[in-house]
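First up is the structure itself, then whatever we jot down about it.
The values are calculated or read from the model by the stated rules, or taken from the named source; none is laboratory data. Predicted model only: the values in this text are computed from it and were never measured. For neighbour counting, all protein chains shown are included, and Cβ atoms are generated from backbone atoms with ideal geometry for every residue, glycine included. Accessible surface areas use protein heavy atoms only, side chains included; no ligands, DNA or RNA. Shrake-Rupley method; radii C 1.70, N 1.55, O 1.52, S 1.80 Å.
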Amino acid sequence: MTDWVYGFGAGRNDGRADMRNLLGGKGANLAEMASIGLPVPPGFTITTEVCTYFTEKGGAYPPDLKDQVNAALARVESAVGVKFGDATNPLLVSVRSGARVSMPGMMDTVLNLGLNDETVQGLAKASGDDRFAWDSYRRFIQMYGSVVLGVDHHRFEEIIDDAKITAGVTEDTQLTAQHWQQVADEYKRMVADVTGAPFPQDPHDQLWGAIGAVFGSWMNQRAITYRRLHDIPADWGTAVNVQAMVFGNMGNDCATGVCFTRDPSTGENIFYGEYLINAQGEDVVAGIRTPQPMSEARAKPGERSMEAAMPAAYAELVAVRATLEKHYADMQDIEFTVQSNKLYMLQTRNGKRTAAASLKIAVDMANEGLIDRTEAVRRVNPGSLDQLLHPTLDPKAPRKLLSRGLPASPGAASGVVVFSADEAEARAQKGEAVILVRIETSPEDIHGMHAARGILTTRGGMTSHAAVVARGMGRPCVAGAGGIVVDYAAQALMAGGVTVQAGETITLDGATGEVFAGTVAMIEPKLSGDFETLMGWADAVRRLKVRANAETPLDADTARKFGAEGIGLCRTEHMFFDPTRIAAVRQMIMSETEGGRRDALAKLLPYQRADFVELFRIMAGLPVTIRLLDPPLHEFLPHKEEELAEVAESLGADLATMKRRAADLAEANPMLGHRGCRLAMTYPEIAEMQARAIFEAASAVAKETGAAPVPEIMIPLVATKKELEISHAQIDKVAAEVFAEAGTTIEYLVGTMIELPRAALIADRIAESADFFSFGTNDLTQTTFGLSRDDAGKFLPFYVEKGILPKDPFVSIDVDGVGALVKIASEKGRGVKNGLKLGICGEHGGDPASIQFCESVGLDYVSCSPYRVPVARLAAAQAALSGGGDRTA
Ligand code: PEP
Ligand code: MG
């Protein structure tokens, strides 16, 4: 018999923390907490396998599930000593979803399940508190009605608003038992009206309704979107947790709260969180009442900390905090309830945190001995380092403060204001920077939050949806900016007498919670000592070298600062676009004779030489890979007639001739056209000039510094061995000439990019003429898939959304196809030349999953954009720690 249901609490623990695949994170951790002796109300978990069954069988359950649920419920009844549906003293339960990873977008929680017109009376008698009973019942109808029955939550709020107006009060807390009873009646009438059926009164019907809603929510659009954005497979499924209710809203010796064992924004080792006296879970996150701080040290004037208000329960919680951190060896995100001064734990999980906090916590925990250094290296998501490397507002920059909210997620961002997630996505797709402004966010807004540069809400606290999700995504976020009024209908926000319309620019500072009008200047980030410490630990374990793709001195400097160990790709064409030399470049291209081209190239030589001198100086002692000119020549041609006339004049030619030549150079498929080494075949003088500039620069730097650089000259788009042989010979000839002139000899390498499938397949032959290979996985992806790099953006997102491709292959290497070619070429190349130097310089060189693949095929280095160098260093370390697990299967 399959076990579909696992019990926890009150002396029974069928599950463990490592059973999250089956029990979901919440269920597994409830069982684990109970097993280490923490106070967990008894309950049971229905497994994720039931979700899969339910999805596959169109909403049916395994035949023996009902019996197992009834048995588990009976156990909870006897543990608590009250009965589900009992008219005099009813057991109430919570029903909550819980996937392997926490997943906003699914049905979350229904509390107080088991209440109906009869049991509410029993609850009132048993608790001796009518108001509590009726408040609980109306909360249940509201939650069940909106999350299970799909009634718009505004409909409930309207009824409460009306009740307050009728009663002449402004706060929920001023409503009496009678008022809540009337509200509950109104709710039931409204729900019956909307759904066409009376509100379910049978507690068992309620329970199965809620269970079905959790399983059904796994396949709702919000959950599907969230899974797509976070690479979560649809077949994981969610579990359902049913647990005996404890009440934080039964009086002033009751409370509920959400907290983190360390500060999730900064990583500081302090107890951090919010609680509310006499409240139920949703009150803390809903932003209706202002939650209070946990510790007295964090309490501002007028605030009442839990430490001060409930010292005994607080002390118990502090002990739980220590137990949990020791047990899980990670920062925990906890939910708890205090009922009549007794503490109950409702949830623990590894807490979401900012990149800065993740780094600090990993380094601190290693220093505290809770984890070792390699574990600290494993703990930090390489992609999240991006957040630490992003700019912050320049303190000296002028600014106009609009308002202030909570500093919910660090970083600064400017962008145009949009008021809906859809618009955020649409405008971001057109390349605009947008700030998503909402009164509050919900899981429906996730795609817009992802597309936005920053998020601003006018409601909600540090544990609100917007804050938690933005932090996880690394988006700057200001939450709960109550001084801002958002008017969706007018598409405007008002703050301090200023109106900002949709489409106007604002700036957010997620570290301070400030919101500014217009754009504010930003500065580069300064990295903390923890960053260097962790990078040092990562460097100690990684095997792959990390180089940068850089051509300007600024990029090269940045790359060095971030720890690049050389340049893996200098795209020389970028140097040709400089305004000081583009005229000579155009002159060279438009010349129809070799003599004319050589004249123009002679003008370019000193510029190129100076470029390389600077790079060699900055990269002193490190390898510098310089790629010869790659793009088709017409990319350099002007588009305007006046500019073409200027080129004509410089060549003493007429405009009509220029137009003809430009037309001759045009190609239908330029990426497959006259580019790469094909240029060196037809116009060898270009490669000769570039080689000369490299060798003269290297000789000059060698003389100047006494330490000769080792240039690695790279030939692009090679498809045949002959192409490489011819290029190699050209370069050797120039080298010999320059060395004779300079009276010195410099060591150099000549290698090739492997960026065409043919090159990969005949890599053994190509290797005979190459000192190194560098995989140009941008072109290799383009040519392997037959997918244009420049046009695929129009339909690739559709492919990814529909699961036709698991990921964008230009972002993360296609291991099965492109990766197989890399593997073949590596093996064939090294088969001919043992120890042939192998690297990658496509965009994939900065993508953690692709770096894992590079480790598995034994490349020597990855090369990526300067800002991704730290990401690559950490990803390379993690790849080494995971043994370079073979991902080609
Ligand atoms: C590549 O093709 O992967 C590459 C690095 O070169 P480029 O992007 O310049 O074509
Ligand atoms: Mg390329």
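Selection of helices (runs of 4 or more DSSP H) fully inside the stretch 620-691 by the criterion of at least 3 residues being surrounded by 14 or more Cβ atoms within 10 Å (Cβ to Cβ) and within 16 Å of ligand 1 (Cβ to nearest atom) returns 677-682. Of the residues making up the stretch 731-745, those that are within 16 Å of P711 (Cα to Cα) and of a type in the set (G, A, S) are A735, A736.
Screening E440, E375, E425 for residues that are acidic (D, E), at negative phi and at pLDDT 95 or above leaves exactly one candidate, E375. Residues in the stretch 182-200 that are within 13 Å of L149 (Cα to Cα) and of a type in the set (D, E): D193 alone.
Test R349 against the criterion of being assigned to a strand (DSSP E or B) and modelled with pLDDT under 95, and give yes or no.
Criteria met by R349.
Evaluated against (1) away from ligand 2 (no atom under 16 Å from the Cβ); (2) in contact (Cβ under 8 Å) with a residue 60 or more places away in the chain; (3) more than 39 Å from the chain's Cα centre (by Cα), S727 falls short on exactly one condition, (1). Remark: pairs (first residue in the stretch 259-272, small (G, A, S); second residue part of a loop (DSSP other than H, G, I, E, B) and buried (at least 21 other Cβ atoms within 10 Å of the Cβ); Cβ separation under 9 Å; 6+ apart in sequence or on different chains) = S265/R353; S265/T354; S265/P410; S265/M462; G267/M331; G267/R353; G267/T354.
Please verify whether the stretch 156-175 includes one or more residues that are within 30 Å of F44 (Cβ to Cβ) and either more than 34 Å from the chain's Cα centre (by Cα) or not in a loop (DSSP other than H, G, I, E, B) (or both). Can you show your working first?
Here is the first cut: in the stretch 156-175, the residues within 30 Å of F44 (Cβ to Cβ) are 156.
Filter once more, keeping what is either more than 34 Å from the chain's Cα centre (by Cα) or not in a loop (DSSP other than H, G, I, E, B) (or both): 156.
The answer is yes, given that some residue of the stretch 156-175 is within 30 Å of F44 (Cβ to Cβ) and either more than 34 Å from the chain's Cα centre (by Cα) or not in a loop (DSSP other than H, G, I, E, B) (or both).
From the list K703, K722, exactly one residue is free of Cβ contacts under 8 Å to residues at least 12 places away in the same chain and open to solvent by 20 Å² or more (accessible area, probe 1.4 Å). Which is it? Going through K703, K722 in turn, just one is free of Cβ contacts under 8 Å to residues at least 12 places away in the same chain and open to solvent by 20 Å² or more (accessible area, probe 1.4 Å): K722.
Please work out which residue is farthest from M449 (Cα to Cα), limiting yourself to the stretch 474-491 and to residues that are crowded, with 18+ Cβ neighbours inside 10 Å and of a type in the set (A, V, I, L, M).
Checking each candidate, the answer is I484.
Checking each residue in the stretch 807-833 for being modelled with pLDDT of 95 or more and either under 16 Å from L796 (Cβ atoms) or assigned to a loop (DSSP other than H, G, I, E, B) (or both) picks out I813, D814, G817, V818, K833. With G883, G819, G803, G846 as the choices, which residue is touching a residue at least 60 places away in the same chain (Cβ under 8 Å) and either within 23 Å of the chain's Cα centre (by Cα) or farther than 26 Å from M619 by Cα (or both)? On inspection, the qualifying residue turns out to be G819.
Of all residues in the stretch 14-34, those that are open to solvent by 60 Å² or more (accessible area, probe 1.4 Å) and either over 23 Å from K352 (Cα atoms) or touching a residue at least 24 places away in the same chain (Cβ under 8 Å) (or both) total 2.
Looking only at residues in the stretch 837-870 that are within 14 Å of ligand 1 (Cβ to nearest atom) and among the polar types (S, T, N, Q), the one that is nearest to I824 (Cα to Cα) is S850.
Among the conditions (1) within 16 Å of ligand 2 (Cβ to nearest atom); (2) touching an Asp or Glu at 6+ places or on another chain (Cβ under 9 Å); (3) not polar (S, T, N, Q), R868 misses just one, which is (1).
Across the stretch 51-72, the qualifying residues are those that are of a type outside the set (S, T, N, Q), out of contact with any Leu (no Cβ under 9 Å at 6 or more places or on another chain) and within 12 Å of W208 (Cβ to Cβ), and the one among them that is most open to solvent (accessible area, probe 1.4 Å) is K66. Restricting attention to the stretch 705-726 and to residues that are touching a helix residue (DSSP H, G or I) at 6+ places or on another chain (Cβ under 8 Å) and charged (D, E, K, R), the residue that is farthest from ligand 1 (Cβ to nearest atom) turns out to be K721.
Among the residues of the stretch 815-846, those that are away from ligand 2 (no atom under 16 Å from the Cβ) and either closer than 20 Å to G383 by Cβ or touching a His at 6+ places or on another chain (Cβ under 9 Å) (or both) comprise V815, G819. Total residues in the stretch 496-554 satisfying the condition of being of a type outside the set (D, E, K, R) and assigned to a strand (DSSP E or B): the figure is 16.
Taking the stretch 58-76 as the range and being in a helix (DSSP H, G or I) and out of contact with any Asp or Glu (no Cβ under 9 Å at 6 or more places or on another chain) as the test, the residues that pass are L65, K66, D67, V69, N70, A71, A72, L73, A74, R75, V76.
Could we say that R321 is of a type outside the set (F, W, Y) and not in a helix (DSSP H, G or I) here? When the stated conditions are applied, R321 does not pass them.
When V750, V738 are checked against the criterion of being among the β-branched types (V, I, T), open to solvent by less than 20 Å² (accessible area, probe 1.4 Å), assigned to a helix (DSSP H, G or I) and away from ligand 2 (no atom under 16 Å from the Cβ), V738 stands alone in meeting it.
So, in the stretch 776-786, exactly how many residues are open to solvent by 20 Å² or more (accessible area, probe 1.4 Å) and near ligand 2 (Cβ under 10 Å from one of its atoms)?
1
All of F773, F798 fail the test of being away from ligand 2 (no atom under 16 Å from the Cβ) and not acidic (D, E), apart from F798. Of the residues screened, R789 is not one that is within 16 Å of ligand 2 (Cβ to nearest atom), surrounded by fewer than 18 Cβ atoms within 10 Å (Cβ to Cβ), on the phi < 0 side of the Ramachandran plot and assigned to a helix (DSSP H, G or I). Hey, any hits in the stretch 754-772 for a residue that's more than 16 Å from ligand 1 (Cβ to nearest atom), charged (D, E, K, R) and in a helix (DSSP H, G or I)? Yes; the residues of the stretch 754-772 include at least one that is more than 16 Å from ligand 1 (Cβ to nearest atom), charged (D, E, K, R) and in a helix (DSSP H, G or I).
Can you pull out every residue in the stretch 408-451 that is of a type in the set (V, I, T) and part of a strand (DSSP E or B)? Residues satisfying the conditions are V416, V417, V418, V434, I435, V437. The set of residues in the stretch 376-413 that are in contact with a strand residue (DSSP E or B) (Cβ under 7 Å, 6 or more places away or on another chain), farther than 19 Å from I446 by Cα and open to solvent by less than 30 Å² (accessible area, probe 1.4 Å) comprises L393, L402, S403, G405, A412.
Take the residues of the stretch 635-694 that are of a type in the set (K, R) and farther than 28 Å from I731 by Cβ: which is modelled with the lowest pLDDT? That would be K640.
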